[in-house]
Amino acid sequence: MIRQTVLLFGPPGSGKGTQAKVLEQRLRAAHVSTGDMFREHLSRRSELGIKIDHIMRNGQLVPDAVTNEMVRDRLLRPDVALGTLLDGFPRNIPQARWLDIFLAGRGYSIRGVVVLSVPRPALIERLKGRAMKEGRADDADEAVIRRRLDTYAAQTEACIGFYQSTKVPVHLVDGVGSIEEVTTRVLRSLGN
Ligand code: AMP
């Protein structure tokens, strides 16, 4: 049984991935990152990787049908039994609705949604820095960075609004500060 499903939201560059790695230990939850899964497909040039290459390079979202199917396969694996930390999924309202149906079908529910917020100018600086350090193709170009931030603002923020209109607790957490400071804020918001 998935005892707790926590959704982690935050624009590109908000430190979502970094926090997720710490939080998976603290919450004893399986970290499921759709961005990491897609990057893995890209790096091994799988059939899916080849299909999504141009989408990711352009900072757009992979189609819902492809993303939802990948998430379903992942959430059917046994290591999610104790809890799941979903990082980067859902990214839009159709994905959120799909997740609701999937979880309800298995008798699970969402414990909370955590939203990391960081001002846009700081995000752009962080992403440019990450492109230099990690060589991530989707971070390399400022136009692509802006498109990814716009996609987040247009689609993912609407998805946060979707949860705010339901009974699921939504926690807005200040994402500026050291890794430890932000982790403490997130855990406190979840009541840990
Ligand atoms: P992330 O590491 O979460 O910023 O994701 C990197 C990229 O993977 C995004 O810019 C999208 O192209 C793709 N991606 C990740 N998660 C999703 C999702 N839930 N739906 C569609 N595309 C996604």
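Nothing in this text is a laboratory measurement; each read-out follows from the coordinates by a stated rule. Note that the structure is predicted; figures quoted are calculated from it, not measured. Note: ideal-geometry Cβ built from the backbone for every residue, glycine included; neighbour counts use all protein chains shown.
Residues within the reach of a label modelled at GLN164 (point 7 angstrom out along Cα to beta-carbon, backbone nitrogen below 14 Å), restricted to region 107-135, are 113-117.
The chain gives an Rg/Rh value of 0.94, both radii derived from C-alpha positions and Rh following Kirkwood.
Protection proxy ranking, highest mean first, for peptides 149-161, 112-124: 112-124, 149-161, where packing is the per-residue count of other beta-carbon atoms within 10 Å, averaged. Distance between the C-alpha centres of region 96-115 and region 1-67: 17 Å, rounded to the whole angstrom. GNM remark for the chain: springs join alpha carbons under 10 Å apart, and the peak mean-square fluctuation among ARG57, ARG45, ARG74 falls on ARG45.
The residue list VAL170, LEU127, TYR152 was ranked by how far each Cα lies along the charge dipole of region 120-192 toward its positive end, using unit charges on Cβ atoms, and VAL170 comes out on top.
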